[in-house]
Amino acid sequence: MKKLIACLILLFALPAMAVTGPEQLVRQTSESVIAEIRANLDVYKDDPKKVYQLVDELVLPHFDFAAMTDLALGRYKDKVSAEQKPAIVVEFRQLLVRTYSSALFEYTDQEMIYLPMEGSEAEGLVTVRTEIEQAGGFPIPINYVLRLGEEGWKVFDVSVDEVSLVTNYRSSFARAIKKDGVDGLIKTLRERNQE
């Protein structure tokens, strides 16, 4: 899980920019976040809240958290009321900020290799395929699934070594809902975010 989360960090510095192709977005974002961390490594290590802010401001605006939350909820999506949904999205977003920020420092020296993209930009659904070089090991495949909407390209799923971020959270969301209902899931997410 830690390797999955740490690898996902490489995407998380998506700068505000004009509408651009999905591969360019991933490439520019990765280069930007790595450069920022490398240039200010001591600052970020001394104050983790600054890392949270970096991820929150530069990366997460390029994620479709409503879609990610629906996918993570899976078959329980219909059990969530209109009042509960925003709370789950907010807590899920915060969980990802904290998780990714804590793993950010582990992947500042690896090289990202871009593989042929799958899907169709014209149809508005693509998978940007990459690999992270590992010293003395096999490359780690990372795939970013993006959809084109009114606000440009947005990531709604990421898989690392064929493990989907959404699927990973789907099982924990389902366990929490089975045990304590939707309010229990919100409470669990909130408690994790306050740790």
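The values are calculated or read from the model by the stated rules, or taken from the named source; none is laboratory data. Predicted, not measured: the structure shown is a model, and the values here were computed from it. As a convention, Cβ positions derive from the backbone with ideal geometry for all residues, glycine included, and neighbour counts pool all protein chains shown.
One line per residue, one yes/no per condition, for (1) at pLDDT below 85; (2) out of contact with any helix residue (DSSP H, G or I) (no Cβ under 8 Å at 6 or more places or on another chain):
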position: GLU31; (1), (2): yes, yes
position: ASP42; (1), (2): no, yes
position: LYS45; (1), (2): yes, no
position: VAL59; (1), (2): yes, no
position: PHE65; (1), (2): no, no
position: LEU73; (1), (2): no, no
position: TYR76; (1), (2): no, no
position: ARG98; (1), (2): yes, no
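Taking the criterion of being within 16 Å of ILE113 (Cα to Cα) and in a strand (DSSP E or B), the residues of the range 159-178 that qualify are SER159, VAL160.
For the range 152-195, the tally of residues that are under 22 Å from TYR52 (Cα atoms) and free of Cβ contacts under 8 Å to residues at least 60 places away in the same chain stands at 6.
When the range 131-147 is limited to residues that are out of contact with any helix residue (DSSP H, G or I) (no Cβ under 8 Å at 6 or more places or on another chain) and either closer than 15 Å to GLU118 by Cα or polar (S, T, N, Q) (or both), the one that is surrounded by the fewest Cβ atoms within 10 Å (Cβ to Cβ) turns out to be GLN134. Only one of the numbered conditions (1) surrounded by fewer than 18 Cβ atoms within 10 Å (Cβ to Cβ); (2) assigned to a helix (DSSP H, G or I) is violated by LEU73, and that is (1).
Is one or more of the residues making up the range 78-101 in contact with a Lys or Arg (Cβ under 6 Å, 6 or more places away or on another chain) and within 18 Å of TYR144 (Cα to Cα)? So far as the range 78-101 goes, no, none of its residues is in contact with a Lys or Arg (Cβ under 6 Å, 6 or more places away or on another chain) and within 18 Å of TYR144 (Cα to Cα). Against the conditions (1) more than 26 Å from ILE88 (Cβ to Cβ); (2) of a type outside the set (S, T, N, Q); (3) surrounded by fewer than 19 Cβ atoms within 10 Å (Cβ to Cβ); (4) at pLDDT 85 or above, VAL126 satisfies every one except (3). For the range 148-195, the set of residues classified as over 16 Å from the mean Cα position of the chain (by Cα), under 25 Å from GLU23 (Cα atoms) and surrounded by 15 or more Cβ atoms within 10 Å (Cβ to Cβ) consists of LEU148, GLY152, listed by residue number.
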